[in-house]
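S.K.: Here's a structure for you.
Coordinate-derived values only; no laboratory data. These numbers were taken from a predicted model, which means no experiment stands behind them. As a convention, Cβ positions derive from the backbone with ideal geometry for all residues, glycine included, and neighbour counts pool all protein chains shown.
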Amino acid sequence: MHHFQYRDNRMFCEDVPVLEIAEKVGTPFYLYSHATLRHHFLTFQKAFEGVPHLICFSAKSNSNLAVLRLFGSLGGGLDIVSGGELFRGLQAGIPPDRIVYSGVGKREDEIEYALRSGIMMFNIESLQELELINQCGARLKKEAPIALRVNPDVDPKTHPYISTGLKKEKFGLGMESAAEVYKSASSFPFVKVIGISCHIGSQVTEVTPFVDALNRVKELIAALETFGISISYLDIGGGLGITYDQESPPHPDEYGRAISQALGDSAFTLILEPGRVIVGNAGVLVTRVLYTKEGEGKVFVIVDAAMNDLIRPSLYNAFHAIEPVVRDHKETVRADVVGPICESADFLAKDRHIPHVEAGSLLTVMSAGAYGFTMSSNYNSRPRVPEVMVKEDQFYVVRARESYEDLIKGESIPPFL
Ligand code: LLP
C-alpha cells in the first residue's frame, strides 16, 4: 500500500500532483509520502502487538532527519552502524536508550561517542571488539550494555550481496564461538550482557529463514542459561522484503505471527530492525527525460537521474518499476532508461517496456525510499538531489539540492600548487 496514485492520469503523492513539485523543486528529486511512512511503521508495530518489543528502524535504509523524527515520534528507536548515524538519530530526537549499534567495524571514537550518549545496546561482532568496548568503558567509567551478534548460518535466499546470515559471511560470531565469547563477556567488568542479536539478510521474501534463525538463537540462549548467563533482549534484525516487481513477500502480520509463535512464552523484549519494509515503497525518485535516441532494436531514454542517485539497478541488477508522471496511454516502447554518467552500468532500467516518452517527460522510479538517497554519491561531480516529503496537500523540502559549492566543501589546494 502506498500513496502514489493516478488521478485523471496524473500521478499524485497524497494530495499533491508530482508535476507541481517537479516544477517548483526541479529534477531529479526523491519524494516521500508521510502517510505511507506512517502507515508502514504502524502496520509493523501492530504486527507485534502481543509481544513486548521495540522497533529500531534501520537508519541505513533512509536516514533523513524528517523520516527519523517521524518514526521516533511514533515510539520507534534506531538501528545504527556508525557514529554518523548516531549523530543523525540524536539530531532527530531519538532517545539514546532506544538506539542499538550494529556493525563489524566500530571505531574506538565511535564506541566512545555511543557510550557517552548512553545508547541502549552494542551488538558486538568479535572478541576484539568486545575487549575494546570493555577498555572504553573502563576509561569512561561506564558499563557498556551489549549483545553478541551471532551468525545462525541460515540461507535467506536473497541476492548474495545482501545475504548476511551464512557462515561464510563476515557478519556476527559463529554459533560455536559465541558461547565462549559470552563467557568472556560476563567476566569483563565494564561490559554488561543484556542481549543477543542476529540479522540474516535483506529483501527476504519468505518467513521460514527468519523462524529457522530464531530457533537456532533460542537454542543458544538455552545453552547460555546453563552457564548462568541470562538474556533480556532478543534482536532479530531486519530483512523483510517488499514488492518491487513480482515478489510476494509475507505481510508484516504474517511475519509477526510466525516470529511470535516461534518465541513462545519466552520473556524477552524483542528488538526489530526493519528498514526497507517501512520506507521502500514510501519513496520514489522523480526524473526528467533529457533525450531519446534509437539504438539497435530499442530506444535509449536518457534521463537526468543516474547511478550516483540510485545505485541499486547498477549494483544488484535490481528492478525498479518506471512510471510516467503524466499517463497518456500512448504505445509502449522497449527501452533502456539510462543516466548521464560515463559508465555502461549507469542504467535505471534495461530492456523494459515503458510508456512512450519524449524529451521533457517526467518519470518516477518507484520503490526508491530504501537504500536510494542513502547510497547516493557525488560521482561525476553531480550534486546530490533534494529529498521532499509530502503530507496531505503540502510538500516540504527535507533536504536541499546540493550546490556546486557543496561539491568542493572541505577541499583545499596546498600552497605549493
Ligand atoms: N539490521 C542490520 C544489522 C542490517 O545489516 C540491515 C541491513 C538491517 C537491519 C535492515 O535490513 P532491511 O530491513 O532494510 O532489509 N543496500 C542493499 C541492502 C543492504 C542491507 C544491509 N543491512 C539494497 O539496496 O538492497
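S.K.: So how long is each side of the range 138-245 along the principal axes, counting just the alpha-carbon atoms, biggest first, in Å?
M.R.: Here the spans come out as 51, 31, 24 Å, largest first.
S.K.: Would you list which lysines come within 18 Å of K391, measuring only between C-alpha atoms, while excluding same-chain residues fewer than 8 positions from it?
M.R.: Those lysines meeting the cut-off are K24.
S.K.: Just to be sure I understand: with springs between alpha-carbon atoms less than 10 Å apart, which residue in Y404, Y233, Y379 has the highest mean-square fluctuation in the Gaussian network model of the chain?
M.R.: For the chain, modelled as a Gaussian network with Cα springs under 10 Å, the answer is Y404.
S.K.: Ok, one more. The range 102-141: which trypsin sites (Lys or Arg not before Pro) are DSSP loop and have at most 13 other beta-carbon atoms within 10 angstrom? Don't jump to the answer; show the numbers that get you there.
M.R.: Details: sites: K106, R107, R116, R139, K141; in loops: K106, R107, K141.
Those satisfying the criteria are R107, K141.
S.K.: Which value in deg cm²/dmol, rounded to the nearest 500, describes the helix-derived mean residue ellipticity at 222 nm for the chain, given -39,500 (n - 2.57) per DSSP H run of n ≥ 4 and division by the residue count? Don't skip to the end; give the middle numbers.
M.R.: Working: 12 runs with 121 residues, N = 417.
Counting only the DSSP helices, I get -8500 deg cm²/dmol.
S.K.: Using only the Cα atoms of the range 34-279, build the gyration tensor, take square roots of its eigenvalues as a ≥ b ≥ c, and label the shape rounded, prolate or oblate: rounded if a/c is under 1.5, else prolate if a/b is larger than b/c, else oblate. Working shown, then result.
M.R.: Values: a/c = 1.64, a/b = 1.20, b/c = 1.36.
Oblate, because a/c is 1.5 or more while a/b does not exceed b/c.
S.K.: Rounded to the nearest 10 degrees, what's the angle between the helix 127-140 long axis and the longest principal axis of the chain, both from Cα atoms, 0 to 90?
M.R.: Its long axis makes an angle of about 80 degrees.
S.K.: Which order do the peptides 18-26, 288-296, 36-44, 275-283 come out in when sorted by mean C-beta neighbours inside 10 angstrom, highest first?
M.R.: Values: 18-26: 16.4, 288-296: 12.2, 36-44: 20.2, 275-283: 27.9.
The densest-packed peptide leads the list: 275-283, 36-44, 18-26, 288-296.
S.K.: For the range 34-279, build the charge dipole from Cβ charges (+1 Lys, Arg; -1 Asp, Glu) around the Cα centre, then report which of A138, A262, A185 sits farthest towards its positive end.
M.R.: The listed residue farthest towards the positive side: A138.
S.K.: Build a GNM of the chain with springs between Cα atoms under 10 Å: which of S376, S361, S344 gets the top mean-square fluctuation?
M.R.: Checking each option, the largest mean-square fluctuation is seen for S344.
S.K.: Which of I236, I200, I194, I413 has the fewest other C-beta atoms within 10 Å, and how do the rest follow up to the most? Can you show the working numbers first?
M.R.: Details: I236 24, I200 29, I194 17, I413 6.
In order of increasing Cβ crowding within 10 Å: I413, I194, I236, I200.
S.K.: May I pose another question? Would you report the distance distribution of C-alpha pairs in the chain as whole percents per 20 angstrom bin, up to the bin with the largest distance?
M.R.: 26, 53, 20, 1
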